[in-house]
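Below is one structure; the comments refer to it alone.
Rule-based calculations on the coordinates, nothing more; no lab input. The structure displayed is predicted, hence computed values, not measured ones. In this analysis, Cβ positions are derived from the backbone assuming ideal geometry, glycine residues included, and neighbour counts consider all displayed protein chains.
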Amino acid sequence: MKMASLSFRSAGAALLAALLAAGVHAAGVSDTDLVKADANKAEWLIYGRTYDNQRFSPLTQITTKNVSQLRPVWAMSLGTLDGVEATPLINDGVMYVTSAYSNVFAFNARNGRQLWKYAPKPPEGLGTVLCCGPVNRGTAIYGELVYVLTLDARLVALKKATGEVAWEQSLGDWKAGISATGAPYVVKGMVIAGIAGGEYGVRGYLKAFDAASGAPKWTTYTVPEPGEPGGDTWPGETWKTGGGATWQSGAFDPELNLLYWGTGNPGSWNSDLRKGDNKWTASLIALNPDDGKIAWGFQYTPNDGWDYDGNNAPVLADISIDGKKVKAALQTNRNGFFYVLDRTSGKFIYAEPTVEGINWTTGLDPVTGRPAINEAMRPLADGKPVLPIVPGLEGGTNWFPMAYSPATGVAFVPTNQWAMALTGHLPKDIVYEPGKVYMGMDYKMHTQGGAIGHLKAFDVAKRKWLWQIDSPLPLFAGVLATKSGLVFTGDQLGFFWAADAKTGKLLWKFQTGSGINASPVTYELDGKQYVAILSGVGGDPSFYFAQPKSGMLWVFGLDNLTADAAGEGAWGVEPIEGALTPVPSK
Amino acid sequence: MNEYLIRLLAAGAVLALLSGAPQAVFAQAHQPPKVETDDYAWQHVANPYGDDAEAIEQGRSLYRRTCYICHLDAGGRGPNLRKSALKGQDFMRVVLNGKKNTQMPAWKGKLSEEDMWKILAYLEASPAK
């Protein structure tokens with residue numbers, strides 16, 4: 001035992017030395033590294049892999065021919081029965097993963113050995129301001145720091161090498177209903193952080209901090225005050241509790257110097273109590289990252305009364321439409337439409353339904369994209385149920401990111417076909433109190449018969465659906481596409497799967513043991529390509545279907561690890577203190 | 001538990017024994033309900049607001065601003081509380097301490113005991129349709 005323990009320690013020291021020596025440039029991840037993330041085939045440095053958010057990997061070792069040989073190489077418990085929704089990041093042989101309650105893990109990406117863990121203690125009572133479970137969607141990396149947003153609304157910078165807190169900043173008062181579940185986003189030496197709280201009457205904002213020191217740079221509210229542009233779209237004092245939360249990540253175009261961010265539903269849900277467009281809720285906004293000023297906004301759902309958050313971050317793609325080159329932003333929305341916008345100006349190009357039977361609108365204006373509202377499907381603050389509204393408030397496409405292949409111009413869109421009933425409360429029952437629920441409405445999701453989940457392939461330039469894969473339960477996972485023509489995603493039956501991007505033929509499936517509501521990544525280490533995904537139901541899908549719970553990280557490759565590569569273990573071999581001691585000597 | 005149900009359970013248990021199924025089925029049926037203890041200084045052991053119309057109205061308002069996000073009017077993300085099998089203080093203990101391995105948080109420190117009783121009074125005064 002003594003021997004094993006010694007060699008274990010020296011292996012640990014050797015690993016640390018190797019990590020330090022393995023070409024880690026002194027300054028760590030730079031702005032250039034992030035701007036050129038696409039050329040860095042081996043790593044995954046940004047939430048959406050690249051600033052354009054395409055979740056497309058140029059790696060080609062795993063192909064449609066050999067993907068059937070894909071096998072788990074290592075797996076690791078994330079120590080939670082709550083939902084895991086993160087996108088892992090891979091940098092310098094280390095994988096950074098978040099679990100429930102904003103826990104952060106650093107693993108040796110070669111064999112799963114845990115290098116450190118950051119486990120902030122949630123304050124008592126925090127659970128009372130979380131609408132959708134204690135979830136977290138991942139980290140950001142810059143310099144020698146890794147960043148996480150905590151559920152109690154803090155931005156924490158951790159030292160990559162040790163997991164020690166370098167600095168932290170408050171994003172707001174969680175007791176007032178402000179929380180954070182998204183992945184932070186690094187742009188031009190700043191960390192951009194969004195907040196959640198749209199069901200608690202929070203007025204949404206984005207905050208930027210200096211990435212090295214944590215010094216606050218700017219705060220931009222998504223909902224304007226009276227007198228500001230768009231301030232006249234809010235009657236009376238309604239802007240103060242106007243929602244428009246910023247609970248996901250963004251996208252960035254370095255050439256245009258525009259940061260793109262989606263915004264959530266207005267508060268309360270009762271559209272008739274805040275007549276007007278309610279800018280910029282349920283919108284995409286483009287900001288100048290230098291000062292946080294809003295350059296333009298595009299509102300998907302003006303005067304939203306259906307909880308159609310527009311938070312899913314856009315994919316930036318340069319496409320050719322009707323022979324014209326367009327710098328586009330693509331977005332798949334909870335309101336049931338897939339949007340194509342001009343990302344230089346926010347101008348509407350076209351939208352295409354992702355689900356059948358959309359009925360909250362009678363159609364979008366072909367020039368402006370503005371929806372004509374079907375008033376019969378608008379719930380009022382009168383206690384009367386309205387149903388069936390299509391799609392239900394979960395979408396369409398909720399938060400999980402699609403993938404886009406620039407090689408073929410095809411988007412891979414996870415979308416759900418279901419409906420809902422909404423019943424507005426009476427005005428006397430819709431009372432704002434900081435930190436308390438401010439929904440003003442009862443809702444119930446309804447099935448419509450047939451499969452709920454669909455992964456759909458969409459040719460953006462040709463405006464044509466190519467194929468779809470059905471799943472009986474709703475899909476809640478992100479998507480990954482590869483240059484070798486593969487599409488990866490997961491489902492609520494626990495399967496992680498790969499399909500042929502051309503045909504939609506399922507090529508490989510693996511049962512992970514719990515539903516998947518996270519996003520897959522791929523990377524290369526020592527010349528071999530791997531695919532990683534988190535499994536573990538929680539958050540929204542767990543409200544509708546029962547299934548086993550367990551937060552796990554799975555890593556797949558074409559070859560098993562050798563005994564040498566696996567090392568001596570992913571965790572320590574020392575017994576718990578006092579629990580197991582050597583036989584006493586006489 | 002009525003006599004018919006007891007017979008049915010007993011018959012089921014015998015069948016389970018004969019078929020070699022785990023005997024725990026029988027044992028479980030006879031275990032007394034587990035009472036959780038806590039160090040909370042309760043002011044009331046029973047609901048003081050059962051027939052207090054004003055408190056019930058306050059309970060309705062409180063319910064909509066707290067429990068509502070998950071439990072809604074007839075269940076949603078959480079169960080329909082109007083159909084809850086938990087009564088009185090058993091219900092209150094779950095509200096106070098939350099429920100492990102679920103998304104039910106502890107409301108200790110967020111709601112007063114008086115407010116919790118008012119919410120329960122409201123739920124009991126408006127049973128499931």
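Some observations on this one:
- Here the stretch B:53-125 is assigned +1 on the Cβ of each Lys and Arg and -1 on the Cβ of each Asp and Glu. Its dipole about the Cα centre then comes out at about 380 debye.
- Residues whose amide H falls under 5 Å from that of residue A:116, counting only those 5 or more places apart or on a different chain, are A:106, with hydrogens built in the peptide plane.
- Per-residue Cβ neighbour rank within 10 angstrom, fewest leading, A:192, A:452, A:373, A:141: A:373, A:452, A:141, A:192
- Residues whose amide H lies under 5 Å from that of residue A:437, counting only those 5 or more places away or on a different chain, are B:66; hydrogens are built 1.01 Å from N in the peptide plane.
- From phi via Karplus (6.51, -1.76, 1.60), per-residue ³J(HN,Hα) for the stretch A:523-530 in Hz, x at Gly/Pro: 7, 10, 9, 6, x, 10, 8, 10
- Neighbouring Cβ atoms from other chains, within 10 Å of the Cβ of residues in B:72-82, number 3 on average.
- Averaged over the residues of A:196-203, the number of partner chain Cβ atoms lying within 10 Å of the residue Cβ comes to 1.
- For the protein assembly as shown, the orientation-averaged shadow of the C-alpha convex hull comes to 36.7 nm² (one quarter of the hull surface).
- Burial order of peptide ranges A:524-534, A:470-480, A:227-237 (average beta-carbon count within 10 Å, highest first): A:470-480, A:524-534, A:227-237
- Calculated from backbone phi, Karplus (6.51, -1.76, 1.60) coupling profile of the stretch B:72-82 in Hz, x at Gly/Pro: 6, 7, 9, x, x, 5, x, x, 5, 5, 6
- The stretch A:477-493 - phi-based ³J(HN,Hα) in whole Hz, Karplus 6.51/-1.76/1.60, Gly and Pro as x: 10, x, 10, 10, 10, 10, 5, 7, x, 10, 10, 10, 7, x, 9, 7, 8
- A straight line joining the Cα centroids of the stretch A:102-120 and the stretch A:122-191 runs 16 Å.
- Between the amide H of residue A:475 and those of A:453, A:454, distances stay under 5 Å, these residues lying 5 or more places away or on another chain, with hydrogens modeled in the peptide plane.
- Antiparallel bridge percentage (DSSP; both residues within the protein assembly as shown; nearest 5): 95
- Separation of the stretch A:207-224 and the stretch A:81-98, taken as the distance between their Cα centroids, equals 25 angstrom.
- Principal-axis tilt of helix A:2-21 within chain A, Cα atoms, nearest 10 degrees: 50
- Shielding by other protein chains, B:93-102, mean Cβ within 10 Å: 1
- Pairwise FRET efficiency - residue A:447 versus residue B:114, Cβ, R0 = 56 Å, nearest 0.05: 0.85
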